[in-house]
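Worksheet for the structure shown next.
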Amino acid sequence: MPIIKCLFYSVVTLLVSFNLAAQNSIQGKVIAQDNQEPIAGASVYISNTTIGTATDGQGLFKLTNLPQVPFDLNISSIGFKTKVLRINPSKDTLLKIELLPQVQKLREVVVRPKGDDLWAKFGSKFIEDLIGYSKFSQQCKIENIENIMLEFDKQSQKLTAFCREPLVIVNKALGYKIKYWLEEYEYSFRSRRTFIAGYPFFQDLVRPKTRKRKMRRYQKNRDKAFNGSLTHFIQALYAGKLKEAGFQVDLMKRVKISQAYKASIKTIDTVFYNNNTVEKIYQSILTKTKNEQIAKRCLKSIKNWYTSNSKKSLRIKLMNRLDKKMAVEAYELSKDALNPEKITVSNYKVDPKLERRARGGTINMIVARDIDVNQYVRMVNSRAKVFKFQDFLYVTYRNEVEEEAYQRSRIGFRGFVKKQQTSIITLPGQSEIIIYSNGYFYPPANLLAEGYWAFEKVDQLLPLNYETAKQKK
């Protein structure tokens with residue numbers, strides 16, 4: 001992805017694509033760190049591309065036709081830890097690479113794909129997180145699935161996976177055979193977040209004897225996977241042509257649900273916390289709910305909140321008496337930072353549509369529409385730019401609609417609706433990324449993607465040196 005780091009609520013690290021240019025080369029030798037012996041048959045390739053080779057009997061290799069921009073060189077061999085080097089093609093031309101022996105300690109609970117209850121329970125979850133669940137995913141197959149090992153930690157409620165050798169994934173939709181070195185997989189059932197890190201190497205299934213009809217199908221599907229993708233977005237961003245490429249970008253903030261309501265609709269009182277204040281709140285809730293049991297539960301929550309050391313505010317929703325799932329009114333209580341005996345009480349009617357959009361007590365708010373993203377981009381040198389922004393960018397791709405499978409995976413699905421593809425990106429910790437004209441960005445872990453870009457996984461993954469039919473002309 002990627003390294004696939006995309007947030008779905010799940011999080012995957014996306015690597016993106018670039019085109020080939022210069023005819024320069026790098027060469028080197030791969031040896032074992034412990035005994036300095038050459039490693040024959042080690043895979044040496046540029047991550048997420050079709051550019052790669054294997055070392056000979058003396059551990060030697062040579063790669064040609066390299067991209068002009070910096071790239072990640074992956075060196076891996078069964079029995080050794082995978083090594084990833086950041087390569088500057090204008091400087092790093094002769095390499096000596098040492099690999100550490102792999103010592104894989106198996107834990108007590110190891111789950112294999114065949115004949116195991118835990119694989120039956122979690123195997124499909126892992127495959128869906130890695131491969132995806134789009135139409136293209138139905139044409140993907142892991143040929144050596146028996147080598148995948150799963151572990152489930154009941155205490156932390158985390159599912160992990162590892163594999164001693166690269167996964168072999170055949171994608172008949174896009175026409176690639178992928179060797180995928182799975183470095184890390186973790187899914188937390190508590191936070192509902194997924195993290196996947198891996199290094200794919202692509203082999204094109206197109207051969208001289210491949211039928212033209214199949215080649216056209218591959219090209220059509222590849223272009224569909226590229227259009228609207230994160231790589232496409234970065235390319236258009238670098239060129240300053242987001243609108244021409246079909247993208248609209250809005251500035252978004254993620255705020256507490258209470259901040260989404262205007263102060264003008266709220267009744268706000270700042271009072272001292274005492275028995276008289278608590279009784280007034282209780283009577284107000286009792287009057288509105290006409291239910292003594294509910295009012296007492298609210299009263300207990302207020303007392304527990306105040307006596308706790310929590311600095312967070314308390315929000316109580318009063319539900320519709322006929323529709324228990326629909327909130328009609330809210331009370332919010334917050335403590336004064338300087339005087340803990342003083343509290344602020346807010347009361348207001350809630351908007352059911354706004355409440356349904358909330359996740360984990362927060363809501364996404366568009367604060368500026370159709371912004372000029374060029375304000376967040378500055379030139380570093382003739383081949384690279386810095387991309388840095390705060391908060392979130394809400395990206396809409398207007399030229400394609402979302403897949404039904406994606407909408408079905410969303411909370412509150414009520415039937416397929418033709419809707420433009422939307423994604424959300426952020427740079428955590430006020431970080432930044434370097435972007436290049438061909439869509440590559442670095443470091444990939446600095447950008448988190450949610451929404452439709454998180455939906456696009458290995459089933460829609462293209463090599464970094466892929467060119468669309470339009471780019472080839």
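How about region 389-403: which of its residues are surrounded by fewer than 17 Cβ atoms within 10 Å (Cβ to Cβ) and either among the aliphatic types (A, V, I, L, M) or at pLDDT below 90 (or both)?
Val401 - this is the single residue of region 389-403 that is surrounded by fewer than 17 Cβ atoms within 10 Å (Cβ to Cβ) and either among the aliphatic types (A, V, I, L, M) or at pLDDT below 90 (or both).
Go through region 194-215 and give me each residue that's of a type outside the set (Val, Ile, Thr) and part of a loop (DSSP other than H, G, I, E, B).
Within region 194-215, Leu205, Arg207, Pro208, Lys209, Arg211 qualify.
Within region 274-301, which residues are basic (Lys, Arg), free of Cβ contacts under 8 Å to residues at least 12 places away in the same chain and either exposed (fewer than 11 other Cβ atoms within 10 Å of the Cβ) or not assigned by TED's automatic domain parsing to the domain that holds Lys342 (or both)?
Listed by number, the list holds a single entry, Lys300.
Taking Gly198, is it on the phi > 0 side of the Ramachandran plot and either surrounded by 13 or more Cβ atoms within 10 Å (Cβ to Cβ) or in contact (Cβ under 8 Å) with a residue 40 or more places away in the chain (or both)?
Spelling it out, it is not the case that Gly198 is on the phi > 0 side of the Ramachandran plot and either surrounded by 13 or more Cβ atoms within 10 Å (Cβ to Cβ) or in contact (Cβ under 8 Å) with a residue 40 or more places away in the chain (or both).
Is region 164-180 home to any residue that is surrounded by fewer than 14 Cβ atoms within 10 Å (Cβ to Cβ), at pLDDT below 95 and either in a strand (DSSP E or B) or outside the structural domain of Asn74 (by TED's automatic domain parsing) (or both)?
Yes, because at least one residue in region 164-180 is surrounded by fewer than 14 Cβ atoms within 10 Å (Cβ to Cβ), at pLDDT below 95 and either in a strand (DSSP E or B) or outside the structural domain of Asn74 (by TED's automatic domain parsing) (or both).
Of (1) in contact with a helix residue (DSSP H, G or I) (Cβ under 9 Å, 6 or more places away or on another chain); (2) in a helix (DSSP H, G or I), Ile424 satisfies all except one. Which?
(2)
Among residues belonging to region 50-106 that are among the small types (Gly, Ala, Ser) and part of a strand (DSSP E or B), point out the one that is nearest to Glu183 (Cα to Cα).
That would be Ser76.
Quick check: is even one residue across region 302-325 hydroxyl-bearing (Ser, Thr, Tyr), assigned to a helix (DSSP H, G or I), surrounded by 14 or more Cβ atoms within 10 Å (Cβ to Cβ) and at pLDDT 85 or above? Please lay out each step first, then the result.
Applying the first criterion (hydroxyl-bearing (Ser, Thr, Tyr)) to region 302-325 yields 306-308, 310, 313.
Filter once more, so that each one left must be assigned to a helix (DSSP H, G or I): 306-307.
Subset that is surrounded by 14 or more Cβ atoms within 10 Å (Cβ to Cβ): 306.
If we keep only those that are at pLDDT 85 or above as well, we get 306.
Within region 302-325 (the criterion being hydroxyl-bearing (Ser, Thr, Tyr), assigned to a helix (DSSP H, G or I), surrounded by 14 or more Cβ atoms within 10 Å (Cβ to Cβ) and at pLDDT 85 or above), the answer is yes, since at least one residue qualifies.
Name the pairs: first residue in region 209-227 and hydrophobic (A, V, I, L, M, F, W, C), second residue outside any helix (DSSP H, G or I), Cβ to Cβ under 7 Å, at least 6 apart or on different chains?
Partner pairs satisfying both residue conditions: Met215/Val206; Ala225/Leu174; Ala225/Leu462; Phe226/Leu462; Phe226/Tyr466; Phe226/Thr468.
For a quick check of your reading of the model, give me the residue pairs whose first member lies in region 413-431 and is not assigned by TED's automatic domain parsing to the domain that holds Val386, whose second is of a type outside the set (Phe, Trp, Tyr) and modelled with pLDDT of 85 or more, with beta-carbon atoms closer than 9 Å and at least 6 apart or on different chains.
Matching pairs, first to second residue: none at all.
Restricting region 216-262 to residues that are in a helix (DSSP H, G or I) and among the basic types (Lys, Arg), which is nearest to Lys177 (Cα to Cα)?
Per the stated criteria, the residue is Arg222.
Among the listed residues Lys342, Lys353, Lys418, Lys335, which satisfies the condition of being basic (Lys, Arg) and in contact with a helix residue (DSSP H, G or I) (Cβ under 9 Å, 6 or more places away or on another chain)? Before the answer, list the steps.
Numbers: Lys342 fails: in contact with a helix residue (DSSP H, G or I) (Cβ under 9 Å, 6 or more places away or on another chain); Lys353 fails: in contact with a helix residue (DSSP H, G or I) (Cβ under 9 Å, 6 or more places away or on another chain); Lys418 fails: in contact with a helix residue (DSSP H, G or I) (Cβ under 9 Å, 6 or more places away or on another chain).
Within the list Lys342, Lys353, Lys418, Lys335, the selection yields Lys335.
Is it the case that Lys125 is in the same structural domain as Lys62 (by TED's automatic domain parsing), at pLDDT 85 or above and touching a Leu at 6+ places or on another chain (Cβ under 8 Å)? Give the derivation first.
On the way: in the same structural domain as Lys62 (by TED's automatic domain parsing): no; at pLDDT 85 or above: yes; touching a Leu at 6+ places or on another chain (Cβ under 8 Å): yes.
Criteria not met by Lys125.
Out of contact with any Gly (no Cβ under 9 Å at 6 or more places or on another chain), part of a strand (DSSP E or B) and crowded, with 17+ Cβ neighbours inside 10 Å: does that describe Val386? Let's see the steps before the verdict.
Numbers: out of contact with any Gly (no Cβ under 9 Å at 6 or more places or on another chain): yes; part of a strand (DSSP E or B): yes; crowded, with 17+ Cβ neighbours inside 10 Å: no.
The answer is no for Val386.
The values are calculated or read from the model by the stated rules, or taken from the named source; none is laboratory data. Everything quoted here is computed from the prediction, not taken from an experiment. Using ideal geometry, Cβ is built from the backbone for each residue, glycine included, and neighbour counts are taken over all protein chains shown.
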